[in-house]
Amino acid sequence: MAQIIDGKAFAADVRQKVKKYVNRIKETHGITPGLAVVLVGEDPASQVYVRNKGKQTLEVGMNSFEHKLDKTCSEEVLLSLINDLNLDPNVHGILCQLPLPDHMNENLVINSISPEKDVEGFHISNGGLLSTGQSSMVPCTPLGCLLLLRNHLGDLTGKSAVVVGRSNIVGKPMASLLLKDSCTVTIAHSRTMNITEVCSKADILVAAVGRPEMIKGDWIKPGATVIDVGINRIPAPEKEENKTRIVGDVHFESCERVAGGITPVPGGVGPMTIACLLANTVTAFCREKGLEPPSEITV
Ligand code: NDP
């Protein structure tokens, strides 16, 4: 049976490290790092994420600035707010919650955030820096996966890694990070031939597909480490009518029997995402002040 990789506990540990570092910054520099979150509209899931981010930001001792705009506001108004936050010395990280309303150009908005304050690592400059192996702001979910992998396996050099999914926010940056850690990396996607065979060669398998329980136990190399990024809500008639439950992209029960280590859903990668957002805000602060970011919470 695989060892369960406890992302919830590890995320708490990352937050503790961030908190310690924030305290040290306050003592030695007399400044409190600040994270600004911009929410446009009233998407219920986005409201929950923004509330959680704000709460956890305050818990680690940082300032949290929330800016809520009406869903009908113009792109110009949003760009002007981001410009103000770029110039605000109390703001070290900026996050613009996605998705944005249809009348806004997401790429334009994301690329208007100063790359140094882009704590989600979605700015095209940060994407370019990461894919050329240079120091950058790294997207939070892949950063969380890498920290979990390093903690579980130690040195990743020479391992064969397969990332299923090629999105700009998870799959591609994940592959870049694994390559930077000297893995031999394959990216699989919806057009990959013989995907089960490709996956069965992986010492490290990262699933970021958005298909409930797609990856089954017989796709997994015995002893492999399986990181499940997926968050899928499916019907759960066994609970009650109209009830749902969350599952990953990996079929946990069958994969757990074959893998050496596996992240559960929930309680695996999910909690690492906000923890890494806080870690990235500390990293952004340190870089702005010419300090070395703490190595255990950055790459
Ligand atoms: P996207 O929809 O942007 O990308 C999905 C990727 O999976 C695409 O590259 C697609 O290939 C590939 N894919 C789809 N179907 C198949 C298939 N049948 N076989 C092989 N590959 C396939 O999703 P995201 O990257 O944004 O998210 C992936 C998952 O991770 C989702 O469940 C999402 O909810 C979750 N997530 C979790 C986060 C967390 O905090 N834990 C954060 C972000 C996402 P192609 O490019 O060819 O279409």
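Nothing in this text is a laboratory measurement; each read-out follows from the coordinates by a stated rule. For clarity, every value in this text was computed on a predicted model and none was experimentally measured. FYI the Cβ positions are ideal-geometry reconstructions off the backbone, even for glycines, and counts take in every protein chain you see.
Just the number, please: percent antiparallel of the DSSP beta bridges in segment 71-212, rounded to the nearest 5. Around 0 percent antiparallel, to the nearest 5. Applying the Karplus relation 6.51 cos²θ - 1.76 cosθ + 1.60 with θ = phi - 60° to segment 130-141 yields 3J(HN,Hα) values of 5, 6, 9, x, 9, 5, 8, 7, 9, x, 5, 5 Hz, where x marks Gly and Pro. In a reduced charge model with +1 at each Lys and Arg Cβ and -1 at each Asp and Glu Cβ, segment 30-114 shows a dipole moment near 340 debye about its Cα centre. Between helix 75-87 and the chain there is an angle of about 80 degrees, using the helix long axis and the longest principal axis of the Cα atoms. For the residue pairs Lys55/Lys172; Lys17/Lys55; Lys17/Lys53; Lys20/Lys68, the alpha carbons lie more than 19 Å apart in Lys55/Lys172; Lys20/Lys68. Counted without the sites themselves, the longest stretch of the chain free of GluC sites (Glu not before Pro) in a DSSP loop having at most 12 other beta carbon atoms within 10 Å is 43-237. Annotation: amide H of Ile5 within the under-5 Å range of Ile262, Thr263, sequence separation 5 or more or interchain, hydrogens built in the peptide plane. With the simple spin-label model, which puts each label point 7 Å out from Cα in the Cβ direction, the Ile4 to Asn83 separation comes to 5.1 nm.
Using the rule -39500 (n - 2.57) for each DSSP H run of four or more residues, divided by the residues of the chain, the 222 nm mean residue ellipticity is -12500 deg cm²/dmol.
Taking every DSSP bridge with both residues inside the chain, close to 10 percent are antiparallel. Remark: segment 140-271 carries a charge dipole of roughly 360 debye about the Cα centre, counting +1 on each Lys and Arg Cβ and -1 on each Asp and Glu Cβ.
Residues Tyr49, Tyr21, ranked from the fewest to the most other C-beta atoms within 10 Å, line up as Tyr49, Tyr21. Dipole magnitude for the chain: computed about the Cα centre from +1 point charges on Lys and Arg Cβ and -1 point charges on Asp and Glu Cβ, it is near 600 debye.
For segment 30-114, relative contact order (Cα pairs under 8 Å, six or more residues apart, normalised by length) works out to 41 percent.
With θ taken as phi - 60° and the Karplus curve 6.51 cos²θ - 1.76 cosθ + 1.60 applied, the whole-hertz 3J(HN,Hα) list for segment 100-115 is 8, x, 4, 7, 10, 8, 4, 4, 4, 5, 4, 6, 8, 6, 4, x Hz, x standing for glycine and proline.
Ordered by the number of other Cβ atoms lying within 10 Å of each residue's own Cβ, fewest first, Thr157, Thr273 fall into the sequence Thr157, Thr273.
By the Cβ distance rule of under 4.7 Å, the chain has these cysteines without a partner: Cys73, Cys96, Cys145, Cys183, Cys199, Cys255, Cys286.
Which whole-number percentage describes the relative contact order of segment 108-248, with Cα contacts under 8 Å and a sequence gap of 6 or more?
17
Grab the beta carbon distance between Glu27 and Lys68, set R0 = 45 Å, and tell me the FRET efficiency rounded to 0.05. The computed FRET efficiency comes out at 0.85. Distant-in-sequence amide contacts of Ala36, defined by a placed amide H-H separation under 5 Å and a gap of 5 or more residues or a different chain, comprise Phe65, His92, Gly93, Ile94, Leu95.
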